[in-house]
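Read the structure below first, then the notes.
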Amino acid sequence: MAANFFQVKPSAKKAGKEKERVVDPNLQPWVEKYRPKTIDDVSSQEHIVAVLEKTLSSTNLPHMLFYGPPGTGKTSTILALSRQLFGPDNFRTRVLELNASDERGISIVREKIKNFARQTPRAQAVASDGKSYPCPPYKIIILDEADSMTQDAQAALRRIMETYARITRFCLVCNYVTRIIEPLASRCSKFRFKPLDSSSTTTRLEHIATEEKVAVTPPVISTLISTSSGDLRRAITYLQSAARLSAASNPVAPITSRDIQEIAGVVPDSIVNKFAKTLGIDIPDAVDEYGDVEMADVGKTSNNTLRGFDLIREEVRGLMREGYSASQILTQLHDLVILHQTLTARQKSSCALVMAEADKALCDGADEELWILEVALRVNKAVNS
Amino acid sequence: MLWVDHYRPRSLDDLHYHEGLSDRLRSLAASGDFPHMLFYGPSGAGKKTRIACTLKQLFGPGVEKLKIDQRVFLTPSRRKLDVNIVQSNFHIELTPSEVGNYDRVVIQEILKEIAQTQQVDLNAKQRFKVVVINEADSLSRDAQAALRRTMEKYMSNMRIILCANSTSRLIAPIKSRCLLMRVAAPNPAEMKAVLSYVASRAGAGSIPDEAADEIISDANGNMRKAILVFEALKMQTPDLSGPLSIAKPDWETYCHKVADMIVKEQTPQQVMEVRSKFYELLSHCIPPTIILKTVADRVVERADESLKADIMHWAAIYENRMRLGNKKIYHLEAWVVKVMSLYKHFLFDIDMTGFED
Ligand SMILES: Nc1ncnc2c1ncn2[C@@H]1O[C@H](COP(=O)(O)OP(=O)(O)OP(=O)(O)O)[C@@H](O)[C@H]1O
Ligand SMILES: [Mg+2]
C-alpha cells in the first residue's frame with residue numbers, strides 16, 4: 001500500500017497542478033475563482049490577518065493551528081500566505097499539503113515529511129512573474145483537516161515537528177480544535193476563524209455579483225446570509241447556482257429569496273407553519289405570509305376525517321415524501337417553537353427536550369420518519385398540556 | 001427486463017414529473033461550470049434516474065456504454081476488499097458502503113485515480129469526469145473527511161455526485177461543497193401519469209382507475225414499487241378490466257401477520273412466535289428498519305388511540321438502538337415485549353377504573 005501510494009502521488013500532484021492553470025476562469029466555480037489570493041484579501045478575520053501580516057514582513061513563522069467552522073477561510077489563508085512567502089515557482093518545492101484524503105498513518109506521514117524536508121531548499125529570489133518573494137529558508141507543511149488524524153499519528157507528529165524544527169514550519173488546519181491532542185496544540189500559535197459576520201459576507205457577495213454581472217437585491221443577500229450561517233463557501237455556491245438558473249430561464253428571471261431557499265434546502269415557511277398548526281401550535285396570521293390562503297388550506301387538510309394521531313401521522317408522511325431533510329425540519333420547527341409568542345416556558349422546555357433527543361438520534365443515523373413523528377407527537381402533547 | 005428498467009426515462013426531456021428540477025439540471029449541464037451535487041430524497045422518488053439523465057445531458061449517449069468491473073482494494077492492514085464498479089469513459093459509479101468501515105480506502109483510491117487521469121477522449125464534451133457515489137449517507141466519518149479537500153483540489157478534472165436518502169448524516173463541510181438537489185416523491189396524480197405511460201408503452205392497454213389508486217396509495221410515493229406491483233398485477237391478471245386484487249409484496253403481508261399476532265395475544269409464548277417470524281424476515285434480507293416500521297404502522301392502525309403515540313415512541317427508540325447495536329433481532333424483540341406490556345397495562349387500567357368507582 002505504502003509503496004504503491006508513493007508511486008502514485010507525484011504524478012497526481014503534477015496532473016492536478018498543471019490542469020489548474022489552464023482551466024478557463026469562466027468555467028471555474030466561483031468559490032475557487034474568488035478564493036483569496038493574498039491574505040489581506042481574506043474577509044472578516046481581521047485579527048488573524050493583522051498577525052499574519054506581521055509574520056510575513058519578518059518572515060519568521062511559528063507553527064500554527066487554524067481552527068473554525070467550514071468555509072471561513074482557513075485553507076485559503078494558509079495557501080495565500082504560503083504563496084506570498086514563496087511565489088509561484090518555489091511553491092511546489094517548499095509547500096507540502098497533506099489532507100484527509102491522503103493516507104495518514106504514522107509511518108507514512110513520517111516518511112513523507114522526512115523526504116520532503118530533506119531536500120535542501122534552494123531559494124530563487126526573483127520569480128518568473130517578475131516579483132520578488134521573501135523565500136525564507138524553511139518549508140511549510142500544511143496538514144489540512146488535521147482533526148481526522150488518529151491520536152497516534154498526532155502523537156508521532158510531535159517528534160517529527162521537533163526533529164525538523166529548524167527547516168520546517170507546520171500549519172495544522174481543522175474544524176474541531178478539541179480533536180487535536182494538547183501537546184500538539186500547545187506547540188502552535190492558535191488562530192480561531194470566526195463564522196463570517198453579515199457585513200463582510202454582504203461586501204464579499206456584492207463584489208462577486210458585480211464582477212459576474214448578476215443582479216442581487218438586499219433581500220436575496222440577507223437570505224444568502226441566513227441560509228449559510230457564516231459559511232461563505234456555501235453562500236457563494238448558492239449564489240452561483242441561483243445566478244445560473246436565473247440566466248437559464250427564459251425570459252431571464254431575477255433571483256428571488258425563494259430560489260435561494262430552495263437551493264439551500266430550506267423548507268418553505270408555509271409548510272412549516274402548516275405542520276406546526278397540525279401539532280396544535282397557534283400560528284398568528286401576521287407571521288404567515290399567505291395567512292388567508294393557509295387558513296383555508298388547513299381547514300380542508302388533505303383529509304378532514306383524520307384526527308389526533310392519524311392526522312399527525314399523515315402529515316409526517318407527507319413531509320417525508322417531499323424529501324425535506326429531517327434535521328432541517330427540526331431546526332426550523334425548533335426556531336418556531338422557541339420564538340413563539342404564546343407558548344409557555346414549560347411547553348417550550350418539553351419541546352426542547354424531545355428535539356435534543358431527536359437531534360442525537362438523527363446523528364446516530366436513526367430513521368428520520370420515526371423521529372420526526374416522535375417529535376411531532378410529543379410537541380403535540382406538550383402544547384395540549 | 002422488468003418494466004421499471006425497460007421504461008426508465010433516459011434523458012432529461014423524457015422525465016415525467018418535477019419539470020422545474022429537470023430544467024435546472026439542464027441549465028446546469030449546459031453551463032460548463034457544473035458544480036458538485038448532492039441528490040437527496042425518499043427511496044423510489046427517481047434520484048438515480050435523474051442522475052443518469054443528467055450524465056447523458058452532460059456527456060451524450062457515450063455515457064450509457066457501461067462496463068462493470070470488480071476491483072480489489074487493499075486496506076492498510078492488508079485485507080482485501082472487493083468492490084463492484086460501474087463505469088463509462090466519462091464517469092464512474094460506486095457504492096462504498098458495501099465495504100462498511102473500509103469505505104475510506106475505496107474513496108481515497110478511486111478519487112486519486114480519477115483525479116490523475118486526464119480526459120483522453122478529445123471529443124468529450126466536458127473536461128471533467130464524474131464520480132457518482134451511491135448511499136452517500138452511509139459513508140463513515142473518515143470517508144467523508146477524505147472527500148473534503150479532494151473535492152476542492154481536483155475540481156478541474158473531477159466532479160462528484162452524491163446520492164442519498166437524507167442529508168442529516170452528512171458532515172457540514174461536505175454539504176458546504178455541494179449543490180443540494182431535493183428529489184421529492186411524485187404526488188398521486190404524477191404517479192398515475194407514469195403508470196398510464198408505462199401501461200401504454202408495455203401494450204397493457206389502460207390501467208383502471210381503482211387499480212391505479214390502490215397501487216399508488218400502497219406505494220406511498222415510491223415510484224419503483226408502484227411499477228413493480230403494477231407489472232406483477234398484469235402478469236397475474238392479464239385482463240385488467242375485470243375485478244382485481246392487488247397483491248402486496250410477500251414480506252409486507254408477512255409483517256402484517258406479525259402485527260396481528262402482537263395485537264391478538266400478549267404472552268411470552270407469543271413473543272417466541274413473533275421472534276421466529278422476525279428471523280424469517282431477516283433471513284430474507286428485509287432491512288430491520290423496514291420490518292419495524294411496517295409492523296408498527298399496522299399495530300398502530302389496530303390499537304386504541306391512547307396507545308398509538310407510545311407504540312411509535314418505542315419504535316423510534318428501539319430503531320435507534322438497533323442502528324447502534326449489533327444484533328438486530330434483540331431490539332425488534334424488545335420492542336415487541338414493550339408493546340405487549342403497553343397493551344397489558346392498558347387493559348389492566350380499564351379493569352381498575354371499572355372497580356374504583
Ligand atoms: N474569510 C474569507 N474571505 C474570503 N473568502 C472566503 C473566506 N472564507 C471562505 N471564503 C470563500 O470560501 C471558499 C472556501 O474557503 P476555505 O477553503 O478557506 O474554507 P475552510 O475554512 O478551509 O473550510 P473547511 O473547514 O470546510 O475546509 C474560498 O474559496 C472562498 O471563496
Ligand atoms: Mg479547508
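Here, each number is a calculation from the coordinates, and none is a lab measurement. Keep in mind it's a predicted model, so treat the numbers as computed, not measured. Cβ placement follows ideal geometry from the backbone for every residue including glycine, while neighbour counts extend to all protein chains displayed.
Simple rule: put +1 on each Lys or Arg Cβ and -1 on each Asp or Glu Cβ in region A:26-192, find the dipole, and look at A:87, A:64, A:113; the Cα lying farthest toward the positive end is A:113.
The phi torsions of region A:336-347, fed into the Karplus equation with coefficients 6.51, -1.76 and 1.60 and a -60° offset, translate into couplings of 4, 5, 5, 8, 5, 6, 10, 5, 7, 4, 4, 4 Hz, rounded to whole numbers, with Gly and Pro shown as x.
Go through A:181, B:342, B:92 and say which Cα lies farthest out towards the positive end of the charge dipole of the protein assembly as shown; charges sit on Cβ, +1 for Lys and Arg, -1 for Asp and Glu. Value computed over the given set: A:181. Computed from Cα atoms alone, the Kirkwood hydrodynamic radius reported for region B:27-97 is 14.3 Å. Running Debye on region A:228-285 with equal point scatterers at the Cα sites and no solvent, what base-10 log of I(q)/I(0) appears at q = 0.23, 0.24, 0.25, 0.28 Å⁻¹? Cα-only, vacuum Debye calculation for region A:228-285: -0.87, -0.90, -0.94, -1.06.
Counted by Cβ distance under 15 Å from residue A:214, the other residues give a net charge of -1, where Lys and Arg count +1 and Asp and Glu count -1.
Here is the list for region B:62-114: trypsin sites (Lys or Arg not before Pro) lying in DSSP coil, each with at most 13 other C-beta atoms within 10 angstrom of its C-beta, are B:65, B:78, B:79.
Taken over chain B, the ratio of Cα radius of gyration to 2.2 N^0.38 Å equals 1.17.
Rounded to whole Å and sorted largest first, what semi-axes of the equivalent ellipsoid does the C-alpha gyration tensor of region A:26-192 yield via the square root of 5 times each eigenvalue?
Taking √(5λ) for each Cα gyration eigenvalue gives 24, 20, 15 Å.
For the protein assembly as shown, a Kirkwood radius taken over Cα pairs fed into Stokes-Einstein (37 °C, viscosity 0.692 mPa s) yields D = 115 µm²/s. Too long at a 27 Å Cα-Cα cut-off: which of A:37/B:153; A:360/B:192; A:33/B:175; A:348/B:327; A:37/A:194; B:48/B:308? Those over the limit are A:360/B:192; A:348/B:327; B:48/B:308. Overall form of region B:99-203: oblate. Here a/c, set by the Cα gyration tensor axes a ≥ b ≥ c, is 1.5 or more, and a/b is not larger than b/c.
How far, in degrees from 0 to 90, does helix B:268-283 lean away from the longest principal axis of the Cα atoms of chain B, to the nearest 10? Value to nearest ten degrees: 20. Computed over chain B with a Gaussian network model linking Cα atoms closer than 10 Å, the most mobile of B:111, B:15, B:324 is B:324. Placing unit charges on the Cβ atoms of the charged side chains and taking the dipole of region B:10-123 about its Cα centre, the candidate lying farthest along the positive direction among B:52, B:107, B:77 is B:77.
Electrostatic tally near residue B:281: other residues with Cβ closer than 12 Å to its Cβ, Lys and Arg +1, Asp and Glu -1, net +1.
Taking the centroid of alpha carbons for each part, region A:36-54 and region B:3-68 are 42 Å apart.
Averaged over residues, the count of other Cβ atoms within 10 Å places the peptides A:57-67, B:313-323 in the sequence B:313-323, A:57-67, highest first. With a cut-off of 14 Å between beta carbons, the residues surrounding residue A:350 carry a summed charge of +2, where Lys and Arg count +1 and Asp and Glu -1.
If the viscosity is 0.890 mPa s and the temperature 25 °C, what Stokes-Einstein diffusion coefficient in µm²/s follows for region B:188-236 when Rh is the Kirkwood radius over Cα pairs?
Using the Kirkwood radius from Cα pairs, D works out to 236 µm²/s.
Size descriptors for region B:18-182: radius of gyration and Dmax over Cα atoms are 15.1, 49 Å. Roughly speaking, what % of Cα-Cα pairs in region B:241-304 are separated by over 16 Å, rounded to a whole number? When every Cα pair of region B:241-304 is considered, 47 percent fall beyond 16 Å.
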